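Have a look at the structure below before the remarks.
The values are calculated or read from the model by the stated rules, or taken from the named source; none is laboratory data. Everything numeric in this text was worked out from a predicted model, so none of it was measured. Ideal geometry is used to build each Cβ from the backbone, glycine not excepted, and the neighbour counts take in all protein chains shown.
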Amino acid sequence: MRNACEESLSAVTASGDTSQITLNPYLWAGSPRYTFEARVRLQATNNGTHDITARAGVGTTMSIAPADGAWFEYTNADTTWHFKTRDASGTAEDTDTGVAHSTSWMRARIYCDGNGAIYAYLDGTLVATHTTVSAAGLHTPRFAAAKTVGSGTTRQLRVGYCHLVFDINR
């Protein structure tokens, strides 16, 4: 099954504002094999005056503190993208991908092999492998932005496309 969107925006203006894009269908992560892929970019990088936390991935939510899922995350606390997984019990993994923030388009891919491993790719390069957290739960592709510093200047996470392909283990 495949789901796609074109040039959707997740924009926030005032500190504390959040915006989320959710796509269907749902999938049961940790059970099927699936590939999530999206083309995303930041409208502007954080500068200490107007900052956001941005997330792209699959999960039950992509709010300020995602409860369960696998996602790429951009914050003002780091100079690089992080790949994170968390299960419903709170067990989490966090990998610094080494890929610097920029306003260029990037291809973010998450592959779950259905046997407990989740692989993260940025622009075709494997940047993380998580095996501790299976992130088993009802998930859907999600994108989120939350303004963490500043007010009056809009910050956006732009989504060029999103694909989700999954295959039930046999």
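What is the residue count in segment 86-128 for residues that are under 16 Å from GLU37 (Cα atoms) and in contact (Cβ under 8 Å) with a residue 40 or more places away in the chain?
Looking only at segment 86-128, we keep the residues that are under 16 Å from GLU37 (Cα atoms), and these are 105-113, 118-128.
Those left that are additionally in contact (Cβ under 8 Å) with a residue 40 or more places away in the chain: 105-113, 118, 120, 122, 127-128.
Adding up the residues that qualify gives 14.
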Original post:
Quick one: ARG2 ticks every box in (1) within 20 Å of ILE110 (Cβ to Cβ); (2) at pLDDT 75 or above; (3) of a type outside the set (Val, Ile, Thr) bar one, so which box is it?
Top reply: (2)
Subject >> Subset tally (residues that are surrounded by 19 or more Cβ atoms within 10 Å (Cβ to Cβ) and modelled with pLDDT of 80 or more) for segment 5-38 >> reply: 3
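Residues checked against (1) under 18 Å from PRO66 (Cβ atoms); (2) modelled with pLDDT of 90 or more:
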residue	(1), (2)
HIS82	yes, yes
ASP87	yes, no
GLY116	no, no
HIS130	yes, yes
